[in-house]
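Asker: After the structure tokens below, expect a handful of questions from me.
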Amino acid sequence: MSYFSLPKKILFLTYKNYTDFMIFETTKFNKQNFHSYIFTNPYKTLSIYSIKQTKYLLKKIDFWLNKNFYLAGFFSYEFGYGLDYVYKQNFLQKTKFPLAFFNVYKNVTVFNHKTGKFIKYNLLSKPKNKRIQQKFFEIKNLNLNISFNEYSKNLQKIKKYILSGDTYQV
């Protein structure tokens, strides 16, 4: 099967017409991965620079998702320290770069690389059916190659190595 590339004209027009936008373009096409996403005109911005704000941010993300808005952004590697009590105590300084940054959007334009067509979703047209909604935003066929019990044991070992100072990341 052949796939359409995201038209360069769209990238140029997005850059020319919007001061704040996010484009998530896929270039690894397969049966499950053939959509790119263009977000423009953020309604609100959520960002944190301190681990102390981790829970606050997660609550805000949940709040906007429950109101059926779209969110696009990132969690930095260091954001993970805010999810673990032990590491949180050792990483209390503020950062210059955001630990997490998300824009809240009312709309998303989805480019289907199979058909070469754009579909614009907004709050009113956003699929209400969770199954339809997941069609564009889910990870499929995720499999672990070890048991959950073995994974948990290994994770505890890694945390022990980090706490003892043998390494700072794995």
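The values are calculated or read from the model by the stated rules, or taken from the named source; none is laboratory data. None of these values were measured; they are calculated from a predicted model. Here the Cβ positions follow ideal geometry from the backbone for every residue, glycine too, while neighbour counts run over all protein chains shown. For accessibility, only protein heavy atoms count, side chains too; no ligands or nucleic acids. Shrake-Rupley method; radii C 1.70, N 1.55, O 1.52, S 1.80 Å.
Asker: Sort out which residues of segment 9-31 are exposed (fewer than 15 other Cβ atoms within 10 Å of the Cβ), within 14 Å of the chain's Cα centre (by Cα) and not acidic (D, E), and write them in order of number.
Answerer: The answer is F24, and nothing else.
Asker: So F69 fits all but one of (1) at pLDDT 90 or above; (2) farther than 30 Å from I162 by Cβ; (3) out of contact with any Lys or Arg (no Cβ under 7 Å at 6 or more places or on another chain); (4) crowded, with 17+ Cβ neighbours inside 10 Å; what number is the exception?
Answerer: Here F69 meets the rest and fails (3).
Asker: Could I ask something else about it? With the checklist (1) modelled with pLDDT of 75 or more; (2) open to solvent by less than 60 Å² (accessible area, probe 1.4 Å) in hand, flag the one item N149 doesn't pass.
Answerer: Unmet for N149, out of (1) modelled with pLDDT of 75 or more; (2) open to solvent by less than 60 Å² (accessible area, probe 1.4 Å): (2).
Asker: Taking the criterion of being open to solvent by 40 Å² or more (accessible area, probe 1.4 Å) and either modelled with pLDDT of 90 or more or within 30 Å of I162 (Cα to Cα) (or both), would at least one residue in segment 32-41 satisfy it? Outline the logic, then answer.
Answerer: First pass over segment 32-41, keeping only residues open to solvent by 40 Å² or more (accessible area, probe 1.4 Å): 32-33, 41.
When the remaining residues are screened for being either modelled with pLDDT of 90 or more or within 30 Å of I162 (Cα to Cα) (or both), the result is 41.
Taking every residue of segment 32-41 in turn, at least one turns out to be open to solvent by 40 Å² or more (accessible area, probe 1.4 Å) and either modelled with pLDDT of 90 or more or within 30 Å of I162 (Cα to Cα) (or both).
Asker: If you scan segment 85-103, which residues turn out to be modelled with pLDDT of 70 or more and of a type in the set (S, T, N, Q)?
Answerer: Just the residues of segment 85-103 that are modelled with pLDDT of 70 or more, to begin with: 93-103.
Correct list: Q93, T95, N103.
Asker: Report every pair of residues separated by at least 6 positions or lying on different chains whose Cβ atoms are under 7 Å apart, first residue within segment 147-162 and free of Cβ contacts under 8 Å to residues at least 12 places away in the same chain, second aliphatic (A, V, I, L, M).
Answerer: If the second residue must be aliphatic (A, V, I, L, M), the pairs left are Y151/L144.
Asker: Would you check which residues across segment 30-81 are touching a residue at least 40 places away in the same chain (Cβ under 8 Å) and of a type in the set (K, R) and list them?
Answerer: K44, K52
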